[in-house]
Amino acid sequence: MLKLYNTLSKKLEVIEKKNHINLYTCGPTVYNYAHIGNLRSYIMADLLYRALKYEGYKPRWVMNITDIDDKTIKGAIAKFGSAATVENLREFTKFYLDEFLKDLGEVNVSKDEITFIRVTDVMAQIQQFIMDLIDKGYAYKADDGSTYFSIEKYQKDFGDYGVLVGEKFIEGKKVGARVAVDEYEKENLSDFALWKSHSLNDANIFWDHPVLGKGRPGWHIECSVINKIGFKGEPTDIHTGGVDLIFPHHTNEIAQSQALIGKGNFVHHWFHSEHLLVDGKKMAKSAGNFFVLKDLKHPFAAWSLRYAFLQSHYRSQQNFTKDSLDASGNRIAGLINYMKEPHNSEFVADTKSLDEDLNVPKAISGSNEAFVFSELLGAKLPDLEEIPEEIDRLIKLRLAARNEKDFKKSDELRKQIEALGYELMDTPDGQKVRKKM
Ligand SMILES: [Zn+2]
């Protein structure tokens, strides 16, 4: 039996066994590459998925893909111009969706077992959901043409707005103002947009509806709708995401869904993973500590990242540094030989620790190293015969340098290749590399 911390009840709860478990994860906004903090939260969800499978729970995993919001519209306009259409938006976001799927594959998230649902594929269902909220009095169309969710009406009927943040969340807060943007601070508690009316900044990207008018959905409504579609109206057993989604995103998902299907019928269990810090700070492009997977110039980057992320608990902040990546890389290089040999005590899984709120670090510390590379934890070892892209790139640069008789540069490149753990030989057939053992 798996016990997990529930953000809603603020305590450990047993996940009950039944026919299957509905597992939902908030997916990426596909306007750029996913950063390594995003990847950590998907790896944590994947560890949960694998643990559920291992314990015989039969999870069904659904993830939304946010392909419509301010950022994706901006990206589509930058690429296709100020007359960009929905088609253009879908083409623009398809590229980053494919890159996201590649990244998930590289860090060994069980992506082939996830049902991905793009927001632009379920527009009619989103419009219908909003219409149902209007019919029940929980949504209203304002003077600006957009449709908003009424927190006041919800609070009057349910009295639990914001409990995911804390019991006293709403105390002393003024309700009734409106906010059109998707992301806002707790201090600015406001009715949020379910359907945003079309503006000049949106190019030709909009969907039309006889009551709602020309526009597009707000961010929060998509997840209420995709939970419903993905699990065919059944409640969601476990909903995962990063802690930064607790407010406003998950708080608003609960309000929208409970308004239609009743208290306690939306999500039973909330699973939130903590932030990843880089060099001790929150990741930010301006701070120079912002990384996506392909920025990590390390021959074992993806394998090392997964291995590094197994070292800390999902509810603890983790600090990522270049040194920690190198240490994981070295560990992996060292384990390659070990794994080639037969060992008797392979996969002595400490699953007891996993059952206690997915305590992976404890499970690893008490068991045979090989366990880390089991199906259960999903760390992988690289294929030794394969030459990593980065090494290949350096070899090509060195060839060019030698052709130009720039031997100083050629020597520097040799040092770089060796520093990454590869041996370089100049043979009559050209340069050859092999992994140092
Ligand atoms: Zn979501």
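No value in this document is a laboratory result; all are computed from the given coordinates. Predicted model only: the values in this text are computed from it and were never measured. Please note: Cβ atoms are built from the backbone with ideal geometry, for glycine as well, and neighbour counts cover all protein chains shown.
Overview of values
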read-out	value
Cβ-Cβ FRET estimate between residue 14 and residue 156, R0 fixed at 30 Å, reported to 0.05	0.30
Coil-residue trypsin sites (Lys or Arg not before Pro) of region 97-152, DSSP, other Cβ within 10 Å capped at 13	136
Which of 126, 205 has the fewest Cβ neighbours within 10 Å, and the rest in rising order	205, 126
Choice from 27, 230, 166 showing the highest fluctuation, given a GNM over the chain with Cα pairs closer than 10 Å	166
Relative contact order computed over the chain (Cα-Cα under 8 Å; 6+ residues apart), in percent	17
Percent RCO, i.e. relative contact order, over region 19-273, from Cα pairs under 8 Å lying at least 6 residues apart	23
Order of 73, 68 under a 10 Å beta carbon neighbour criterion, fewest first	73, 68
Gaussian network model of the chain, Cα within-10 Å springs - most flexible of 70, 392, 202	392
In Å, descending, principal axis extents of the Cα set of region 389-435	27, 21, 16
Qualifying lysines (Cα of each under 18 Å from Cα of residue 322; at least 8 residues distant if same chain)	281, 282, 285, 294, 297
Surface/4 estimate of mean projected area, convex hull on alpha-carbon atoms of region 19-273, nm²	13.4
Highest-fluctuation residue, 184, 138, 31 considered, GNM on the chain with Cα pairs under 10 Å	184
Rounded to 5, percent antiparallel among DSSP beta bridges of region 19-273	30
For region 96-158 and region 173-211, distance of Cα centres in Å	13
Rel. contact order, % - alpha carbon contacts under 8 angstrom, at least six apart, region 54-120	53
Stokes-Einstein D in µm²/s, Kirkwood radius over Cα pairs - the chain at 37 °C with 0.692 mPa s viscosity	137
